[in-house]
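Okay, structure first, notes after.
The values are calculated or read from the model by the stated rules, or taken from the named source; none is laboratory data. Predicted model only: the values in this text are computed from it and were never measured. Positions of Cβ are backbone-derived with ideal geometry, glycine not excepted, and every protein chain shown enters the neighbour counts. Note: accessible area is taken over every heavy atom of the protein model, side chains too, but ligands, DNA and RNA are not part of it. Shrake-Rupley method; radii C 1.70, N 1.55, O 1.52, S 1.80 Å.
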Amino acid sequence: MYFPVGDCVEFLSWFLNSLHQCLGGGKKVGKTIVSSTFRGKMRVYSRKVLPLDLKEEQKKEVMEREEYRETMEEIPFMFLTCDLPPPPLFPDELRENIIPQIPLFGILNKFNGLSEKEYKTHKDSILKRFEITHLPPFIILYIKRFNKTRFLLEKNPTIVNFPVKGIDFGELLSPENKAKHPNTTYDLIANIVHDGSPEAGKGTYRVCLLHKGSGKWYELQDLQVVDILPQMITLSESYVQIYELRKETFNGEEKDE
């Protein structure tokens, strides 16, 4: 029987949340192995954007209103949604479509507590900034490649440049929050790639997995399994990544946390 290809992010979100609930956990209470492994915490700061046609005197008056004051909410997260910059609309001077590239921390800076992003609703615009307060043992990154417009589903081809080992997520934490984490270095253990058209049922997924026993990387697609060099992983259109917290070492041996 043939089943159309779905969105792996939707499946992963459903699977983790369902497993968490089946083990007795909830949205805010109840600790399970799922929440202990993947759940982090962040603060979300929100403030309403002032109307553009206001004068300076009016802006000061409006900013004093309750609806325009900055609010803060602390929420848990199972994965971090990273936004890609829009791709170029036109080819370069050689009339070639150059695939844009961005470093990993270029999309992770969204969570440093300083960068603001505007979110528009049907009547208002809200500026939000995100501050991570607790890093979980395993971090799931969701790189948002698909954008649904009124008429079609578009895919952003931007390549994210990332190292396979030694990513310090502590650079996103404030000094206060970083002091609560003895170790903030993570290594990539899984990288899910989407190939082909963004239309439902037309694209395909493949995943690169680290075999920790041998230290080798393997690429899986359906029933096909082949070994792959770590350098080749970074050349793909990553969609979902999973990072594992590096354990502290003592005399060359891993130390259990």
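State which entries of Lys117/Lys155; Lys110/Lys212; Lys110/Lys178; Lys120/Lys148; Lys41/Lys144; Lys144/Lys212 exceed 26 angstrom in Cα-Cα distance in the structure shown. From the list (Lys117/Lys155; Lys110/Lys212; Lys110/Lys178; Lys120/Lys148; Lys41/Lys144; Lys144/Lys212), the Cα-Cα distance tops 26 Å for Lys110/Lys212; Lys144/Lys212. A cut-off of 5 Å between modelled amide H atoms, ignoring neighbours fewer than 5 places along the same chain, links Asn161 with Ile102, Leu104. Take the Cα of Phe11, step 7 Å toward its Cβ, do the same at Asn109, and the gap between the two points is 3.5 nm.
Which shape class applies to the stretch 111-217: rounded if a/c is under 1.5, otherwise prolate when a/b exceeds b/c and oblate if not, where a ≥ b ≥ c are the square roots of the Cα gyration tensor eigenvalues? Taking the square roots of the gyration eigenvalues as a ≥ b ≥ c, the stretch 111-217 is oblate. Each label point was placed 7 Å from the Cα along the Cα-to-Cβ direction; for Thr149 and Ile33 their separation is 4.6 nm.
Label-to-label distance for Lys180 and Lys202 is 4.6 nm, based on points extended 7 Å past Cα in the beta-carbon direction.
Across the stretch 172-241, the relative contact order, built from alpha-carbon pairs under 8 Å that are at least six residues apart, equals 29 percent.
Heavy-atom accessible surface of the stretch 144-190, averaged per residue, reaches 56 Å², computed with a 1.4 Å probe. Of the GluC sites (Glu not before Pro) found in the stretch 142-199, those that fall in a DSSP loop while having at most 14 other beta-carbon atoms within 10 Å are Glu199.
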